[in-house]
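The values are calculated or read from the model by the stated rules, or taken from the named source; none is laboratory data. Please read all numbers here as calculations on a predicted model, not as lab measurements. Neighbour counts are summed over all protein chains in view; Cβ atoms, including those assigned to glycine, are modelled from backbone coordinates with ideal geometry.
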Amino acid sequence: MNKEVLLSNIDRIHTTEMGIDRIKKNLKLDTNDVVLYCKNKILDKNCNIYKQGKNWYCEIDNIKITINSYSYTIITAHIIC
């Protein structure tokens, strides 16, 4: 699947209240706008974007962001080694 599909729907990306808390905790973020933070990471030209099953995965700067490919909901984000 072409990453342009995700990038062309960047405005649809969102998350839930629980998602905000989970992402902030997992990435140790001090921002309240985790969606904007994630979008900026996704839009970075160095971001590796790929689709597996029903999810998009975006990897950059030792961070992996998981996005549902149907609803464009950010499910979670993790620091990867």
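Points to keep in mind about this one:
- Only one of the listed residues (Gly53, Gly19) is more than 13 Å from Ile79 (Cβ to Cβ) and in contact (Cβ under 8 Å) with a residue 24 or more places away in the chain. That residue is Gly19.
- Taking residues in segment 22-38 that are touching a residue at least 40 places away in the same chain (Cβ under 8 Å), and partners anywhere that are assigned to a loop (DSSP other than H, G, I, E, B), the pairs with Cβ atoms closer than 8 Å and at least 6 places apart or on different chains are Ile23/Thr15; Ile23/Leu29; Val34/Thr15.
- Residue within segment 34-52 that is of a type in the set (S, T, N, Q), part of a strand (DSSP E or B) and either under 16 Å from His14 (Cβ atoms) or modelled with pLDDT of 95 or more (or both) present: yes
- Segment 13-32: number of residues that are among the hydroxyl-bearing types (Ser, Thr, Tyr), at pLDDT 95 or above and exposed (fewer than 15 other Cβ atoms within 10 Å of the Cβ): 1
Conditions tested, residue by residue: (1) in contact with a Phe, Trp or Tyr (Cβ under 6 Å, 6 or more places away or on another chain); (2) surrounded by fewer than 16 Cβ atoms within 10 Å (Cβ to Cβ); (3) not in a helix (DSSP H, G or I).
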| position | (1), (2), (3) |
| --- | --- |
| Asp11 | no, yes, no |
| Ile67 | yes, no, yes |
| Tyr70 | no, yes, yes |
| Cys81 | no, yes, yes |
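- Of all the numbered requirements in (1) over 11 Å from the mean Cα position of the chain (by Cα); (2) not in a helix (DSSP H, G or I); (3) not charged (D, E, K, R), Met18 misses one, and that requirement is (2).
- Subset of segment 43-66 (residues that are within 17 Å of Arg22 (Cβ to Cβ) and among the aliphatic types (A, V, I, L, M)): Ile63, Ile65
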